[in-house]
Structures are given as C-alpha cells and as structure tokens.
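The values are calculated or read from the model by the stated rules, or taken from the named source; none is laboratory data. None of these values were measured; they are calculated from a predicted model. Because the Cβ atoms are built from the backbone with ideal geometry, glycine has one as well, and the counts that use them run over all protein chains shown. Heavy atoms of the whole protein, side chains included, go into the accessibility calculation; ligands, DNA and RNA do not. Shrake-Rupley method; radii C 1.70, N 1.55, O 1.52, S 1.80 Å.
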Amino acid sequence: MSDTTTTTATTSPTAAAVRADRAAVRERAPLPGRGADAGAKERDPFFDNAKYLAIVLVVMGHAWEPLRSESRAVTALYTFVYAFHMPAFIVISGYFSRGFDASPAKIKRLLTGVVVPYVVFETAYTLFTRWSDGEPDRAISLLDPLYLTWFLAALFIWRLTTPIWQRVRWPLPIALAVASLATLSPDIGADLDLQRALQFLPYFVLGLCLEPEHFRLVRRRAARLAALPVLLAALVFSYWAVPRMDYAWFFHHSAAEEFAVPAWYGPLMTLALFACSMTLVACFLALVPGRRTWFTALGAGTLYAYLLHGFFIQAANHWEWSRHDWFHQPIGAITVSVIGAVLGTLLCTAPVRTMFRSVIEPRMSWAFRDSGTGRGGR
C-alpha cells in the first residue's frame, strides 16, 4: 500500500529522497499518549482531537457496562461504540509506530513508555481489585493482563514486530490471515492476552501502512457529508442486532468455538468485523475537527485517562451504583454518560499528567547504558 510496506531490488534517487523525507517525519512524530514535552511543536491537532474523543468513548463504554442487561438502547450504544473506538486507537498507534526501527533509543522508549506502565498498572489493578472484586487472594501475574492492561501487552508485541510488517510484501493480508487463524484456536493461552493481540493485529498493521494522504482522504468534504448518515445507520443496525448478535465479537478475545458456533465462523467474522470497524473508524475520523479546539491539548493525555479511569469504574461497581433504579431510566443513563465523559476529560488534564508522569512516562536514564560507549547511564 505504501513505500514502507514493500521492498524492491533497486531504488531510484527520487524514490530514495521521498523515503528519507518520510522517515524524517516519522522520527519527529510524537507517539500516542506521550506528554506535551514529546514533540509538542510537531503535534497534529487532528490526531490529538481524535485520541481525546476516542478516550471519552472508552470511558463512557466502561461506565455503561452495568446498564447493558436491562436496556436495549444502552446495549446498542455499547455495541456501536465498541465496533470502532479501540480500532481507531490501534490504527493511530500503528500510524505513529512507523518509525520504530528497534534502535537503542526506540527500545528505551518502548520499555519506559509501554513495559514499565504495564508492570506498574498490572500490579496496581491486581491489588485494587482484591478489594473491589472481593478476591483478597488474587495473584499478581504479569503474564495474564488484568482488565484494560491488555492494550499495553498487545502494543508491546505489535511494536516489536513492526520491522517485520514493514518488510513483507503483503502486510495487511498476512495480518488478517493471522487474526483469522487465531479465531480457529481456542487453545491459545491467556499469556499476554495473545488471542486479543492477534485478532486486533490487522488494525495496527493497517496503521503502519497508512500515509498522511490517506487521512486527508477521509477528511474531504464528501467523506464528511457521508460520515454522519453512515454512523446513524450503524447505530440503528446495532439496535436491531442487540437480540440477534453477541457484541462480545467486538472484544476480539475469544475463539469462534467459544461463541458456540462452527469454527469457520471465525475467519468470516474476522473479515466482516474488520470491514465494519474500519468503515466506522473512517466515518469517525471524517468528523474529527482538524483545527485546534478547547480539547486538543487533552489529546496528549489519553494514555493517562486510559490507565487511570479503570480505578474509578471498578470502585463505582464495587459500591453497586447500578442497583439504584434511577440509573436504569433514560435520564439516569444520560447522567452516567456525562459523568464518564467528564471523568475521561479530567484524567487527560495537565495536573493529572504531572502527578502520574513518573509511572506512565518515566525517563529512567539510570537504567540504560549510554549508547555508543557501553557504559551505564546515570
């Protein structure tokens, strides 16, 4: 699809120059969720806007979970949002991972920006849910991601394999084949939530294949005009599908046989869900503002909101707020949605990033060798 995904025996000087320019842009591009000090001057407000809006949907989706069983409308909204919010995040993560070349600097950033937060929050969520879930003996296991830490484990795997996807000739078809084969095997273990990492892999690989011009296509006037009707139609379809389809397909964490369907449903659903999700992602991105807005700066803190909001959700569920009948009325569901949006917004703010930067974006120069000299860092 792009120069980064195919190789040739010879390269013209012009093509080489184009690739060098693109590589330079990738080196300057900030990674999703990094703070304002990471390439703040080069940040594209479009992507920060998209990440902020997506994280708000993530928090709202988790807030809706206790209301699903008694409300077809809430379940429809939940299904609709889950069809595209994580795919959108993963596509953007793949797009900003195009410059990952396994160099010492990139490995250091992978360890400090992904591995360290994973270890910290996997441990923290295990300890927290001993109280919130009433399981005081729950063991800490870094191999079995708990709750929402699966994304960090998957991102570690995806980013490590980036050089492979950038060298093979047909990266997206191969990734779709891998995801399809994963749905055929219920025996894939829980280690690092590998089933989910494999099934979401095509979205990350697609992000690796994209170039800036592809995002400009979905932001054209024609795309924006078509986006809203398509999203509304998808929402209506979600309402119709509530009693007819298991929304857990969009979680991508189970093999086909676990849905009590024939195994061949797995590859078929992989392709169908990918087409559905990417259509909705394109529509979502078409409606994202490209200019700076009041929430653009919050896009730099989406990783903070993602990792922290689970504590609030788990605590609220522990206190069984959903047992109150008022929350199951339309006004109650709307209130829950607003609370979720406000929570997601507050967790993206600068004070929160300052408070938790040491565990989400640690520098840890003392833990790494000084590249080029072989000596330990200070």
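Among the residues of the range 337-363, those that are within 19 Å of Q314 (Cβ to Cβ) and part of a helix (DSSP H, G or I) comprise S337, I339, G340, A341, V342, L343, G344, L346, V352, F356, V359, I360. Just to be sure, is G299 open to solvent by less than 20 Å² (accessible area, probe 1.4 Å) and over 25 Å from the mean Cα position of the chain (by Cα)? Taking the combined requirement at face value, the residue does not satisfy it. The residues in the range 65-121 that are farther than 30 Å from W326 by Cα and assigned to a loop (DSSP other than H, G, I, E, B) can be counted, and the count is 8.
Taking every residue in the range 263-285 that is closer than 20 Å to A182 by Cα and pairing it with any residue that is surrounded by fewer than 22 Cβ atoms within 10 Å (Cβ to Cβ) and of a type in the set (D, E, K, R), at least 6 positions away or on another chain, the pairs with Cβ-Cβ distances below 6 Å are A263/E257. Out of curiosity, is T112 more than 25 Å from Q195 (Cβ to Cβ) and buried (at least 17 other Cβ atoms within 10 Å of the Cβ)? Taking the combined requirement at face value, the residue satisfies it. Determine if the range 37-56 includes at least one residue that is open to solvent by less than 30 Å² (accessible area, probe 1.4 Å) and modelled with pLDDT under 95. Yes, the range 37-56 contains at least one residue that is open to solvent by less than 30 Å² (accessible area, probe 1.4 Å) and modelled with pLDDT under 95. Of all residues in the range 257-290, those being at pLDDT below 95 and under 14 Å from D48 (Cα atoms) number 1.
Just checking, does the range 155-163 include any residue being among the aromatic types (F, W, Y) and either open to solvent by less than 10 Å² (accessible area, probe 1.4 Å) or more than 25 Å from D44 (Cβ to Cβ) (or both)? Yes: the range 155-163 contains one or more residues that are among the aromatic types (F, W, Y) and either open to solvent by less than 10 Å² (accessible area, probe 1.4 Å) or more than 25 Å from D44 (Cβ to Cβ) (or both).
Between L176, L142, L110, the distinction of being within 28 Å of G266 (Cβ to Cβ) and of a type outside the set (V, I, T) belongs to L176 only. A count restricted to the range 166-201 and to residues that are at negative phi, surrounded by 20 or more Cβ atoms within 10 Å (Cβ to Cβ) and charged (D, E, K, R) stands at 1.
The set of residues in the range 215-229 that are more than 25 Å from Q199 (Cα to Cα) and either part of a helix (DSSP H, G or I) or not basic (K, R) (or both) comprises R216, L217, R221, A222, A223, R224, L225, A226, A227, L228, P229. Look at (1) closer than 16 Å to H85 by Cβ; (2) not in a helix (DSSP H, G or I) and you find that G290 fails only one, number (1). Pairs are defined by a Cβ separation below 9 Å, a sequence spacing of at least 6 or placement on different chains, a first member in the range 328-355 that is over 18 Å from G299 (Cβ atoms), and a second member that is open to solvent by 90 Å² or more (accessible area, probe 1.4 Å); the pairs so defined are H328/E70; G332/H324; G332/D325; G332/W326; T335/W326.
I'd like the residue in the range 202-214 that is open to solvent by 10 Å² or more (accessible area, probe 1.4 Å) and either assigned to a helix (DSSP H, G or I) or among the hydroxyl-bearing types (S, T, Y) (or both) and, out of all such residues, is nearest to A154 (Cα to Cα).
Taking the range 202-214 first, the residues open to solvent by 10 Å² or more (accessible area, probe 1.4 Å) are 206, 210, 212-214.
Next, from what is left, pick out any that are either assigned to a helix (DSSP H, G or I) or among the hydroxyl-bearing types (S, T, Y) (or both): 206, 212-214.
Details: L206: 15, P212: 24, E213: 27, H214: 25 Å.
Among them, the one singled out is L206.
Could you list, in sequence order, the residues of the range 87-102 that are hydrophobic (A, V, I, L, M, F, W, C), open to solvent by 10 Å² or more (accessible area, probe 1.4 Å) and within 16 Å of the chain's Cα centre (by Cα)? Steps first, answer last, please.
Step one: filter the range 87-102 for residues hydrophobic (A, V, I, L, M, F, W, C), giving 88-92, 96, 100, 102.
Next, from what is left, pick out any that are open to solvent by 10 Å² or more (accessible area, probe 1.4 Å): 89, 96, 100, 102.
Within the range 87-102, F89, F96 qualify.
Does A63 qualify as being modelled with pLDDT of 95 or more, open to solvent by less than 20 Å² (accessible area, probe 1.4 Å) and of a type in the set (A, V, I, L, M)? So A63 passes the test.
Conditions (1) basic (K, R); (2) touching a residue at least 24 places away in the same chain (Cβ under 8 Å); (3) in contact with a helix residue (DSSP H, G or I) (Cβ under 7 Å, 6 or more places away or on another chain); (4) within 22 Å of F89 (Cβ to Cβ), marked per residue:
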{"site": "S132", "(1), (2), (3), (4)": "no, yes, yes, no"}
{"site": "P136", "(1), (2), (3), (4)": "no, no, yes, no"}
{"site": "W158", "(1), (2), (3), (4)": "no, yes, yes, yes"}
{"site": "T161", "(1), (2), (3), (4)": "no, no, no, yes"}
{"site": "A177", "(1), (2), (3), (4)": "no, no, no, no"}
{"site": "I188", "(1), (2), (3), (4)": "no, yes, yes, no"}
{"site": "V205", "(1), (2), (3), (4)": "no, yes, yes, yes"}
{"site": "R216", "(1), (2), (3), (4)": "yes, no, no, yes"}
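Say whether the condition of being closer than 23 Å to Y118 by Cα, in contact with a helix residue (DSSP H, G or I) (Cβ under 7 Å, 6 or more places away or on another chain) and open to solvent by less than 70 Å² (accessible area, probe 1.4 Å) is met by at least one residue in the range 319-339. Checked against the condition, which is being closer than 23 Å to Y118 by Cα, in contact with a helix residue (DSSP H, G or I) (Cβ under 7 Å, 6 or more places away or on another chain) and open to solvent by less than 70 Å² (accessible area, probe 1.4 Å), the range 319-339 yields no hits at all. Checking the conditions here, which among A179, A233, A226, A190 is out of contact with any Asp or Glu (no Cβ under 7 Å at 6 or more places or on another chain) and within 25 Å of A263 (Cβ to Cβ)? Just one listed residue meets the conditions, A179.
Annotation: of all residues in the range 225-257 being β-branched (V, I, T) and in contact (Cβ under 8 Å) with a residue 12 or more places away in the chain, the one that is farthest from F80 (Cα to Cα) is V230.
Taking the numbered list (1) within 19 Å of V58 (Cβ to Cβ); (2) open to solvent by less than 60 Å² (accessible area, probe 1.4 Å); (3) of a type in the set (A, V, I, L, M) in turn, A286 passes all entries but (1).
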